[in-house]
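> Just dropping this structure here.
The values are calculated or read from the model by the stated rules, or taken from the named source; none is laboratory data. Everything numeric in this text was worked out from a predicted model, so none of it was measured. Methodologically, a virtual Cβ is constructed for each residue, glycine included, from the backbone with ideal geometry; neighbour enumeration extends over all protein chains shown. The protein model used for the area step is the full one, side chains on, heavy atoms only, and it has no ligands, DNA or RNA in it. Shrake-Rupley method; radii C 1.70, N 1.55, O 1.52, S 1.80 Å.
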Amino acid sequence: MFHWLEKNPFAFAVVVIVTIAFAGLVEIVPHFAQQARPVIGTTPYSTLELAGRHVYIKNSCNACHSQLVRPFKSETDRYGDYSLSGEYAYDRPFLWGSKRTGPDLMRVGNYRTTDWHENHMKDPASVVPGSIMPAYGWMFVNEADIDTSYAEQLTVAKFFGVPYNKPVPMKDGSTKIIKMGATVEEARAMALAEAKLITADMKNQDVKDAVENGKIPEIVAIIAYMNSLK
Amino acid sequence: MNKLYIWAVVFAALMIVLTYLSVGTTEGGLNDDVVNQLAVAGAVALVVISVFVVVKYVRQMQVDTADGDLAEESWDGIGEYLNEVPKGWAILYILTMIWGMWYFTMGYPVNAYSQIGEYNEDVAAHDAKFAAEYKGITGNRLVEMGESVFLAECKVCHGISADGIDGKAANLNQRIEAVAVKHAIMNGANNFTTDFPGGMPPGLNYMFASEAELDELVNYVVAGMPADDTRGAELFAQGTCNGCHGDTGEGMPYAGPKINGYDIATVSSVLKDGKKGAIGTMPKFERLNAKQIEAVSAYITSLSK
């Protein structure tokens with residue numbers, strides 16, 4: 001067989017390419033597939049959380065805050081476990097950020113709560129003396145864009161197979177279902193129900209009233225997003 | 001003698017002479033410096049060996065005749081002998097394969113660098129150093145350590161002076177605030193599910209005849225349950241508070257936390273489970289280790305003394 005190969009250089013070249021390509025596939029594909037899979041416990045964003053993510057992007061929070069904890073003791077002490085690539089599976093686009101003017105927010109949901117975010121967004125220096133973060137007062141007034149958020153959910157569910165309305169495995173072995181509305185009206189209602197859970201922990205009466213009247217201020221959406229970062 | 005050998009000797013001698021002329025006579029050259037002497041000796045050896053190896057093979061090409069069986073195929077008339085594999089080459093080949101197997105199964109996996117591996121080593125080393133350095137820490141040093149933990153982790157909500165920043169979080173300079181006592185009595189509380197799984201039932205305000213009586217009890221608890229306040233103690237019993245928190249508010253295991261002051265167990269209950277009450281929501285702090293919890297508890301206890 002080998003003598004035959006030596007006599008047929010073109011066939012030999014083809015066999016070499018096939019062999020190396022196959023070896024590459026065997027080595028690379030399983031590793032890549034494993035790395036690109038969502039980490040157990042990572043869930044897709046709900047409609048309100050996704051709207052909060054849009055607020056985050058719109059206000060360029062990622063210009064000052066990263067969402068990537070590097071594997072160093074000094075980082076994991078501050079921000080929690082180091083980040084894994086599979087944790088960004090549902091982030092489109094990911095918001096790693098390029099510079100930390102403020103702290104990392106990858107797991108901020110673990111150590112800050114709704115009422116703290118409310119105080120902090122209204123006047124950062126009131127809770128963090130010397131903070132150079134600006135106040136985001138307009139978030140208490142502007143309405144979050146739930147419809148766009150729902151459109152994004154529909155798109156990623158259809159084209160990227162993001163598992164909405166499907167059981168997602170959690171760390172404790174259970175499964176969790178992140179629901180997505182079947183119609184835009186249902187999605188709005190679900191977002192409002194989620195917003196009411198957030199405003200129950202908030203103090204600002206205007207925001208509470210707005211949600212009671214069926215409006216969702218941006219602050220509620222971004223707090224929902226912050227609380228989902230774990 | 002073949003002409004080739006003569007040329008080889010001449011070439012080698014020429015190289016040696018040129019080497020000597022270039023380095024041997026300069027200042028600090030061969031006479032004084034042992035490193036230079038070794039270098040020149042090496043150069044001479046290289047020249048001699050190279051020349052004679054080249055001569056050997058060139059000579060072999062000139063005089064050797066081919067023998068042995070030819071392989072079947074030929075390439076444009078160029079054939080190939082079916083010779084034995086050279087022994088030294090074969091041994092090296094097998095040794096290389098053995099090394100390769102070791103390297104892929106043991107050498108690389110065991111010795112390879114990994115960022116996460118370095119991180120794990122770093123954390124383990126730090127933890128060991130921390131445990132050794134703060135093993136027997138007590139008293140003021142523990143409180144100081146607690147203060148630094150507080151300033152890193154807690155001040156963001158409770159403020160630098162632990163006063164809760166105008167009601168944004170609990171004021172830790174006292175055990176409990178009136179608004180929190182009242183909220184717990186009226187709405188119940190089930191915050192510390194790890195240490196006190198039963199929780200506190202809502203609606204205990206119905207144990208009191210009037211709003212004024214309730215306020216009296218609240219003030220008694222906020223004041224830290226002074227021993228000389230018999231009226232307060234009476235109301236405390238009337239409200240069945242003593243059933244879980246004890247007659248003096250010292251708390252009971254699994255039933256109710258200490259409410260007449262702070263201690264390590266109380267603070268660690270809060271850090272373990274977080275808290276949701278009248279003032280707001282506090283997250284749990286799993287990231288603190290046992291010694292840090294002890295230290296921050298000691299610091300918070302020291303604030304209200």
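> Looking only at segment B:256-282, which residues are over 28 Å from B:GLY232 (Cβ atoms) and open to solvent by less than 20 Å² (accessible area, probe 1.4 Å)?
Of segment B:256-282, the ones over 28 Å from B:GLY232 (Cβ atoms) are B:271-274, B:281.
Residues satisfying the conditions are B:LEU271, B:GLY274.
> Still on this model: Would you please name the residue that is nearest to B:CYS244 (Cα to Cα), looking only at residues in segment B:198-230 that are without any contact (Cβ under 8 Å) to a residue 40 or more places away in the chain and polar (S, T, N, Q)?
B:ASN205
> So, of the residues in segment A:167-198 that are more than 24 Å from A:PRO38 (Cα to Cα) and assigned to a loop (DSSP other than H, G, I, E, B), which turns out to be least open to solvent (accessible area, probe 1.4 Å)?
A:THR183
> Moving to a separate point now. Given (1) in contact (Cβ under 8 Å) with a residue 12 or more places away in the chain; (2) outside any helix (DSSP H, G or I), identify the lone condition not met by B:GLU72.
(1)
> Hey, another quick one. Among the candidates B:TYR103, B:TYR108, B:TYR113, single out the residue that is more than 11 Å from every other protein chain (Cβ to nearest Cβ), in a loop (DSSP other than H, G, I, E, B) and hydroxyl-bearing (Ser, Thr, Tyr).
B:TYR113
> With respect to A:TRP116, is the statement that it is modelled with pLDDT under 95 and open to solvent by 30 Å² or more (accessible area, probe 1.4 Å) true?
In short, no.
> If you don't mind, another one. Does any residue in segment A:92-114 that is away from chain B (no Cβ under 14 Å) come within less than 8 Å, Cβ to Cβ, of a residue that is exposed (fewer than 15 other Cβ atoms within 10 Å of the Cβ) and part of a loop (DSSP other than H, G, I, E, B) six or more places away or on a different chain, and which pairs are these?
Partner pairs satisfying both residue conditions: A:ARG92/A:PHE160; A:THR101/A:ILE132.
> Can you tell me which of (1) in a helix (DSSP H, G or I); (2) touching a Phe, Trp or Tyr at 6+ places or on another chain (Cβ under 7 Å) is the one B:ASP166 doesn't meet?
Result: B:ASP166 passes all but (2).
> Among the residues of segment B:58-81, write down those that are closer than 30 Å to B:LEU18 by Cβ and surrounded by 11 or more Cβ atoms within 10 Å (Cβ to Cβ).
Scanning segment B:58-81 gives B:VAL58, B:ARG59.
> If you don't mind, another one. Determine if segment B:168-177 includes at least one residue that is within 20 Å of B:GLU294 (Cα to Cα), away from chain A (no Cβ under 14 Å), hydrophobic (A, V, I, L, M, F, W, C) and touching a Pro at 6+ places or on another chain (Cβ under 9 Å).
Looking for residues that are within 20 Å of B:GLU294 (Cα to Cα), away from chain A (no Cβ under 14 Å), hydrophobic (A, V, I, L, M, F, W, C) and touching a Pro at 6+ places or on another chain (Cβ under 9 Å), one finds none in segment B:168-177, hence no.
> Among (1) without any contact (Cβ under 8 Å) to a residue 40 or more places away in the chain; (2) more than 22 Å from A:SER83 (Cα to Cα); (3) loosely packed, with under 15 Cβ neighbours inside 10 Å, there is one condition A:ASP206 misses while meeting the rest; what is its number?
Single failed check for A:ASP206: (1).
> Something else: What number of residues within segment A:117-149 are assigned to a helix (DSSP H, G or I), away from chain B (no Cβ under 13 Å) and of a type in the set (Ser, Thr, Tyr)?
Summing the residues that are assigned to a helix (DSSP H, G or I), away from chain B (no Cβ under 13 Å) and of a type in the set (Ser, Thr, Tyr) in segment A:117-149 gives 2.
Residue by residue, here is whether (1) farther than 30 Å from B:PRO283 by Cβ; (2) touching a residue at least 40 places away in the same chain (Cβ under 8 Å) holds:
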position: B:GLN60; (1), (2): yes, no
position: B:THR65; (1), (2): yes, no
position: B:GLY79; (1), (2): yes, no
position: B:MET97; (1), (2): yes, no
position: B:GLY107; (1), (2): yes, no
position: B:GLU121; (1), (2): no, no
position: B:ALA131; (1), (2): no, yes
position: B:GLY136; (1), (2): yes, no
position: B:GLY146; (1), (2): no, yes
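> While we're here: Has segment B:131-147 got any residue that is open to solvent by 80 Å² or more (accessible area, probe 1.4 Å), assigned to a helix (DSSP H, G or I) and either among the hydrophobic types (A, V, I, L, M, F, W, C) or within 14 Å of another protein chain (Cβ to nearest Cβ) (or both)? First the steps, then the outcome.
Applying the first criterion (open to solvent by 80 Å² or more (accessible area, probe 1.4 Å)) to segment B:131-147 yields B:133, B:135, B:138, B:140-141, B:144.
Applying the additional criterion that residues be assigned to a helix (DSSP H, G or I) yields B:133, B:140-141, B:144.
Going one step further and asking which of them are either among the hydrophobic types (A, V, I, L, M, F, W, C) or within 14 Å of another protein chain (Cβ to nearest Cβ) (or both), we end up with none.
No, there is no match, as no residue in segment B:131-147 is open to solvent by 80 Å² or more (accessible area, probe 1.4 Å), assigned to a helix (DSSP H, G or I) and either among the hydrophobic types (A, V, I, L, M, F, W, C) or within 14 Å of another protein chain (Cβ to nearest Cβ) (or both).
> Given (1) within 14 Å of chain A (Cβ to nearest Cβ); (2) assigned to a helix (DSSP H, G or I), where does B:ALA212 come up short, assuming only one miss?
Against the list (1) within 14 Å of chain A (Cβ to nearest Cβ); (2) assigned to a helix (DSSP H, G or I), B:ALA212 comes up short only on (1).
> Then there's this: Based on this model, can you work out whether B:LEU46 counts as at pLDDT 85 or above, out of contact with any Pro (no Cβ under 9 Å at 6 or more places or on another chain), open to solvent by 90 Å² or more (accessible area, probe 1.4 Å) and assigned to a helix (DSSP H, G or I)?
So B:LEU46 fits the description; yes.
> Further, regarding this structure: When the residues of segment A:1-47 are narrowed to those that are aliphatic (A, V, I, L, M) and closer than 23 Å to A:PRO169 by Cβ, which ends up nearest to the other protein chains (Cβ to nearest Cβ)?
Taking segment A:1-47 as the starting set, the residues that turn out to be aliphatic (A, V, I, L, M) are A:1, A:5, A:11, A:13-18, A:20-21, A:23, A:25-26, A:28-29, A:33, A:36, A:39-40.
Of the ones still in play, those that are also closer than 23 Å to A:PRO169 by Cβ are A:29, A:33, A:36, A:39-40.
Working: A:VAL29: 19, A:ALA33: 20, A:ALA36: 18, A:VAL39: 14, A:ILE40: 18 Å.
Filtering segment A:1-47 for residues that are aliphatic (A, V, I, L, M) and closer than 23 Å to A:PRO169 by Cβ, the one nearest to the other protein chains (Cβ to nearest Cβ) comes out as A:VAL39.
> Separate question: Being open to solvent by 30 Å² or more (accessible area, probe 1.4 Å), within 14 Å of another protein chain (Cβ to nearest Cβ) and closer than 21 Å to A:THR113 by Cβ narrows it down to one residue among B:ASN289, B:ASN187; which is it?
Result: B:ASN187 is the single residue among B:ASN289, B:ASN187 that is open to solvent by 30 Å² or more (accessible area, probe 1.4 Å), within 14 Å of another protein chain (Cβ to nearest Cβ) and closer than 21 Å to A:THR113 by Cβ.
> Which one of the conditions (1) more than 30 Å from B:TYR81 (Cβ to Cβ); (2) at pLDDT below 80 does B:VAL10 fail to meet, given that it meets all the rest?
(2)
> Same structure, new question: Considering segment A:126-166 alone, what residues qualify as being surrounded by 12 or more Cβ atoms within 10 Å (Cβ to Cβ) and among the β-branched types (Val, Ile, Thr)?
A:VAL127, A:VAL128, A:VAL141, A:ILE146, A:THR148, A:THR155, A:VAL156, A:VAL162 - these are the residues of segment A:126-166 that are surrounded by 12 or more Cβ atoms within 10 Å (Cβ to Cβ) and among the β-branched types (Val, Ile, Thr).
> Specify the residue that is nearest to the other protein chains (Cβ to nearest Cβ); the eligible residues are those in segment A:80-89 that are touching a Pro at 6+ places or on another chain (Cβ under 7 Å) and closer than 25 Å to B:LYS284 by Cβ.
Restricting attention to segment A:80-89, the residues satisfying the condition of being touching a Pro at 6+ places or on another chain (Cβ under 7 Å) are A:82, A:86, A:89.
Within this subset, residues satisfying the condition of being closer than 25 Å to B:LYS284 by Cβ are A:82, A:86.
Values: A:TYR82: 7, A:GLY86: 14 Å.
Result: A:TYR82.
> Cβ contacts < 6 Å: first residue closer than 23 Å to A:ASP81 by Cβ, restricted to segment A:23-43; second residue exposed (fewer than 10 other Cβ atoms within 10 Å of the Cβ), any location; separation 6+ or different chain. Result?
Correct list of pairs: A:ILE40/A:LYS171; A:GLY41/A:LYS171.
> Has segment B:258-274 got at least one residue that is among the basic types (Lys, Arg), closer than 30 Å to B:ALA131 by Cα and part of a loop (DSSP other than H, G, I, E, B)?
yes
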